[in-house]
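K.L.:
Pasting in a structure now, in structure tokens, and then I'll have a few things to ask.
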């Protein structure tokens, strides 16, 4: 039975839906990517979902278990450096390109010592903008290749009470 996966390429909009055969190998994945028009070179990394490390480069051999519906991220960044500002404090850390904004927010909440109530009332906003990416957004969608960094401000979420 084949597995449906979604391929995202750093610097390109959209998802590519495709299938991998049961027991897929590195060769199967390379063939699928080539059929999608995705060229790989030695400066390109492949990440499965939010894995911290890229897939090992092999020509043959089985892939690690890939879940149905997972995202495969193709990126020129091995890590994305994230700077986050809250009040007068700044925290920095590198994340995998497939890490989602919700993972970053959980780290920021811990790093800045926010309580549950304060955390619920704050959102991440891209620096020098009003853009507040969805918590499901992978970090590589917020950078433009070949830039491997992104900046956020942790700001209060405006709520209308009434």
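Values quoted throughout were computed directly from the atomic coordinates according to the rules given, and no laboratory measurement underlies them. It should be emphasised that the depicted structure is a prediction, and the values quoted were computed from it without experimental measurement. Note: ideal-geometry Cβ built from the backbone for every residue, glycine included; neighbour counts use all protein chains shown.
K.L.:
Would you mind telling me which residue in 141, 52, 121 has the biggest mean-square fluctuation in a Gaussian network model of the chain, where springs connect alpha carbons within a distance under 10 angstrom?
P.N.:
Highest fluctuation of the listed residues: 121.
K.L.:
Using only the Cα atoms of the chain, what are the Rg and Dmax in Å?
P.N.:
17.7, 61
K.L.:
Here is a further query. For the pair residue 127 and residue 58, how long in nm is the line joining their label points, each one 7 Å along Cα→Cβ?
P.N.:
Going by the 7 Å Cα→Cβ label model, 4.0 nm.
K.L.:
Now, a different point. Where does each of 60, 26 land when they are ranked from fewest to most other beta-carbon atoms within 10 angstrom?
P.N.:
Final ranking by Cβ density, sparse to dense: 60, 26.
K.L.:
Rounded, prolate or oblate for region 3-75? Axes are the square roots of the Cα gyration tensor eigenvalues, ordered a ≥ b ≥ c, and the cut-off for rounded is a/c under 1.5.
P.N.:
It comes out rounded by the Cα gyration axes.
K.L.:
Give me the percent relative contact order of the chain, please, defined on Cα pairs under 8 angstrom at least 6 residues apart. If you can, show how the numbers build up before the last one.
P.N.:
Values: 284 pairs, mean separation 37.8, N = 162.
This gives 23 percent for the chain.
K.L.:
Which FRET efficiency value, to the nearest 0.05, do you get for residue 22 and residue 43 by plugging their Cβ-Cβ distance into 1/(1 + (r/R0)^6) with R0 = 45 Å?
P.N.:
Result of the calculation: an efficiency of 0.90.
K.L.:
Given 5 Å bins starting at zero, what is the percent of C-alpha pairs of region 80-156 in each, up to the one with the largest pair distance?
P.N.:
3, 16, 31, 28, 16, 5, 1, 0
K.L.:
What does the convex hull of the Cα atoms come to per residue for region 44-120, in Å³?
P.N.:
On the way: hull volume 8.0 nm³, N = 77.
Here the figure is 104 Å³ per residue.
K.L.:
Report the Cα centroid-to-centroid distance between region 82-137 and region 28-57 in angstrom, as an integer.
P.N.:
What the calculation gives is 27 Å, centre to centre.
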